[in-house]
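Below is one structure; the comments refer to it alone.
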Amino acid sequence: MTSYRIALNFEDGVTRFVECGANEKVLDAAFRNRINLPMDCSDGVCGTCKCRAESGTYDLGEDYIEDALTEDEAEQGLVLTCQMIPKSDCVVAVPMSSAACKTGLAKFSGKVSEIVRYSDAAYELALEVPADAPAFLPGQYVNIDVPGGGQHRSYSFSSHSGERRMSFLIKHVPGGLMSTWLAGATLDGSLDMTGPLGSFYLRAVTKPILMLAGGTGLAPFLSMLESLARSGVSQPVHMLYGVTRDQDLVMVERLEEYAQRIPGFTYVTVVADPATAHPQKGYVTDHMLPEVLHDGGVDVYLCGPPPMVDAVQKYFKTAGIEPASFHYEKFTPSQPAAA
Ligand code: FES
């Protein structure tokens with residue numbers, strides 16, 4: 001029997017996935033999974049269960065009243081989960097915390113299966129996870145407990161959800177907690193994780209996309225690109241990948257593969273070091289040409305360090321361009337990611 005996978009993304013960034021039957025309402029599917037979505041009447045009257053459908057196709061239901069969901073709200077993607085019947089996999093943003101809905105983060109472990117070091121710039125860490133490891137949305141992150149330190153670090157998934165091989169791109173930080181552990185790690189070690197988390201994830205693609213990656217901020221885009229390669233995409237997707245030094249430019253061959261697999265995907269790499277011989281010098285903002293901005297009719301995704309996020313926001317403001325949507329995640333090497 002057909003069922004659809006519904007990602008419930010809570011206000012605190014926690015995501016839970018539930019299977020929803022072909023004629024099942026989202027609220028009922030959530031309850032079956034012991035997730036108490038906000039509700040009162042469950043009859044399409046009170047509007048308490050209003051959420052935002054961020055992607056997917058669905059039937060709004062026929063039994064609700066205008067006071068509970070207006071035509072304008074429905075056009076903007078709002079739904080009543082007590083009425084909504086999915087017709088495809090969907091992402092639903094819930095305007096409450098996961099704790100308030102009596103659910104929470106999943107904890108799971110993975111066995112270290114591969115560590116690739118890219119000079120003094122970054123590591124790619126791959127973990128073999130159990131078949132029932134939590135699913136995630138492309139772009140999200142997980143908290144990884146660093147063994148022995150009693151602390152965690154947050155890293156975006158660079159792999160595709162549902163695979164037994166889960167991977168991450170980790171900036172090398174001299175003396176950093178995770179970098180130090182990775183330098184001595186062996187392949188039989190295991191790591192504990194909590195997640196998935198984050199509101200930086202790929203939405204339904206209805207417009208051209210501009211991806212702005214700063215350094216190891218490339219990771220979530222690799223997951224998004226894999227998702228687009230598998231689902232197909234009819235809109236152009238352009239990436240600007242900016243780094244500080246030549247050696248920070250890692251995994252470009254992966255981008256080249258995606259350029260072959262995804263029609264309409266193009267990318268440009270940029271190096272900031274004034275001494276570089278790289279063809280494109282400077283910052284990503286120096287290479288945001290009109291043809292990739294589509295007069296503002298573009299969905300912008302940015303993952304990079306805080307100065308890059310600030311510079312891009314300033315760029316748009318100064319240029320008088322307001323993108324159709326702007327999603328970003330700031331990260332610093334030693335702090336958890338924050339959307
Ligand atoms: Fe009242 Fe859905 S719970 S409208």
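Observations on the structure shown:
- Any chance Met166 is of a type outside the set (D, E, K, R), within 22 Å of Arg117 (Cβ to Cβ) and in a strand (DSSP E or B): yes
- The condition (being touching a strand residue (DSSP E or B) at 6+ places or on another chain (Cβ under 8 Å) and either hydroxyl-bearing (Ser, Thr, Tyr) or surrounded by fewer than 18 Cβ atoms within 10 Å (Cβ to Cβ) (or both)) is satisfied by just one residue among Asp63, Asp59, Asp67: Asp59.
- Residue match in segment 30-50 (condition: within 26 Å of Val205 (Cα to Cα) and more than 13 Å from the ligand (Cβ to nearest atom)): no
- So Ser109, is it away from the ligand (no atom under 16 Å from the Cβ) and part of a loop (DSSP other than H, G, I, E, B): no
- Of the residues in segment 44-60, at least one is at pLDDT 95 or above, of a type in the set (Phe, Trp, Tyr) and touching a Ser or Thr at 6+ places or on another chain (Cβ under 8 Å).
- Residue-level check: of (1) within 23 Å of Phe10 (Cβ to Cβ); (2) within 9 Å of the ligand (Cβ to nearest atom); (3) modelled with pLDDT under 95, Ile65 misses just (1).
- Selection of segment 113-123 for residues being closer than 12 Å to Phe168 by Cβ and either without any contact (Cβ under 8 Å) to a residue 24 or more places away in the chain or in contact with a helix residue (DSSP H, G or I) (Cβ under 9 Å, 6 or more places away or on another chain) (or both) yields Ile115, Val116, Ala122, Tyr123.
- When segment 139-163 is filtered for residues that are within 30 Å of Arg230 (Cα to Cα) and free of Cβ contacts under 8 Å to residues at least 60 places away in the same chain, the ones remaining, listed by number, are Val142, Ile144, Gly162, Glu163.
- Subset tally (residues that are small (Gly, Ala, Ser), in contact with a strand residue (DSSP E or B) (Cβ under 9 Å, 6 or more places away or on another chain) and farther than 18 Å from Arg245 by Cβ) for segment 262-310: 1
- Yes/no for Thr15 being more than 12 Å from the ligand (Cβ to nearest atom) and exposed (fewer than 14 other Cβ atoms within 10 Å of the Cβ): no
- A single entry from Met193, Met178 fulfils the requirement of being in contact with a Gly (Cβ under 7 Å, 6 or more places away or on another chain) and either outside any loop (DSSP other than H, G, I, E, B) or at pLDDT 95 or above (or both): Met193.
- Contact map, segment 36-54: residues that are without any contact (Cβ under 8 Å) to a residue 60 or more places away in the chain and over 16 Å from Glu24 (Cβ atoms) paired with residues that are among the hydroxyl-bearing types (Ser, Thr, Tyr) and near the ligand (Cβ under 6 Å from one of its atoms), Cβ distance under 6 Å, separation 6+ or inter-chain. Pairs shown: Asp40/Thr48.
The values are calculated or read from the model by the stated rules, or taken from the named source; none is laboratory data. These numbers were taken from a predicted model, which means no experiment stands behind them. Backbone-built Cβ (ideal geometry, glycine too); neighbour counts: all protein chains shown.
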